[in-house]
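Working notes, structure below.
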Amino acid sequence: MKEELIIIGGGIAGVSCALYAKRAGLQPVIFEKSALGGQLNYINYVDNYPGVKLGTRGGEFLNILGSSLKELDIKVIEEEVTKVTQKEERINVYVNKGEYEAFSLVIATGASFRRLEVEGEEEFIGRGVSWCAVCDGYFFKGKEVVVVGGGNIAVEDALYLSSICKKIYLIHRRDKLRALDYLQKEVFKKENIKILWNSTVKKIRGKDFVEEVVIENNKENKIDTLKVNAVFIAIGITPNTQIYRGLIDMNEEGFIITDENMATSSPYIYACGDCRRRPLRQLITAAGEGAIAALSVYRQLKGSYVSY
């Protein structure tokens, strides 16, 4: 049986795409290799999504999304997609236990945050360890926090947090930042941002929440402990797009290139969410892109436009 629309990825982008596609009259199928919800599984509180009560737990929001899928009878297949091929209008999606064929495909596989791979990092996810200053910074208003990294995102996170937090320690493993010059100038002006050069985080410790980090100065071979309430990790992200190389166009980092309709370089294949090249990575933007992808698929398959 040929599926009308296969969506790979069950994060908010994929779920939004499925909901809009179903309401438009399509029959979407979601493939998700692990837990439905994507990054929502790592978010303690959702505090910046319009229409969702401030302080709503990520798990609660995920339950709402899951209920919506059930109410609309949208099928979710718990399988890992291992390969995708396309020959003219035929799209084949391969999983460990078989093969599926689709008229159209939406890739919503997201991206993975690069980890520090240190003791305490996994333990305190959602309890002081975060990869999103914009998402979680407000919860640490007036507190002392750490930002790890030296690129644009790390410096932008430190600047953003400087108006919320009491003090920010920007920890960078080298003796110079990689961020753009104008960002560096801004961060050097901030009195509540202290840069710890040639340093790396070795441990994250606490009881119920983050209480301190152990850092090592790799130039002086010196170990110090910082009393902080949060660790914001900004050492990059890796798009989950490896299996699509050669199928569709990507940039050097592996992010999928699309137009404003979420269309990729291959006909009948679309992408949305954190796996595509985009300026802002938030739940709200991922959801919007999922909706756009669904309506683009509808227009291509049905030859008309549907509007809500």
Exercise for the section: Could you please find all residues in the stretch 28-51 being part of a loop (DSSP other than H, G, I, E, B) and farther than 19 Å from residue 242 by Cβ? Expected result: 35, 36, 37, 43, 44, 47, 48, 49, 50, 51
Exercise for the section: Determine whether residue 169 is part of a helix (DSSP H, G or I), without any contact (Cβ under 8 Å) to a residue 60 or more places away in the chain and either surrounded by fewer than 23 Cβ atoms within 10 Å (Cβ to Cβ) or hydroxyl-bearing (Ser, Thr, Tyr) (or both). Expected result: no
Handout entry: Filter result (free of Cβ contacts under 8 Å to residues at least 60 places away in the same chain, of a type outside the set (Val, Ile, Thr) and under 20 Å from residue 108 (Cα atoms)) within the stretch 74-95
Key = 75, 78, 79, 80, 90, 92, 94
Practice task
Determine which single condition residue 179 fails, assuming it passes every other condition in (1) buried (at least 16 other Cβ atoms within 10 Å of the Cβ); (2) modelled with pLDDT of 95 or more; (3) closer than 16 Å to residue 147 by Cβ.
Solution key: (2)
Fill in the blank from the handout: For residue 247, the lone unmet condition from (1) closer than 29 Å to residue 58 by Cβ; (2) at pLDDT 95 or above is (1)
Exercise for the section: Answer yes if at least one residue in the stretch 173-186 is more than 30 Å from residue 276 (Cβ to Cβ) and outside any loop (DSSP other than H, G, I, E, B), and no otherwise. Expected result: yes
Handout entry: Tally of residues being in contact with an Asp or Glu (Cβ under 7 Å, 6 or more places away or on another chain), part of a strand (DSSP E or B) and not charged (D, E, K, R) across the stretch 1-27
Key = 0
Handout entry: Of residues in the stretch 226-284 being basic (Lys, Arg) and in a loop (DSSP other than H, G, I, E, B), the one surrounded by the fewest Cβ atoms within 10 Å (Cβ to Cβ)
Key = 277
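The values are calculated or read from the model by the stated rules, or taken from the named source; none is laboratory data. Being a predicted model, the structure only gives us computed values, none of them experimental. Neighbour counts are summed over all protein chains in view; Cβ atoms, including those assigned to glycine, are modelled from backbone coordinates with ideal geometry.
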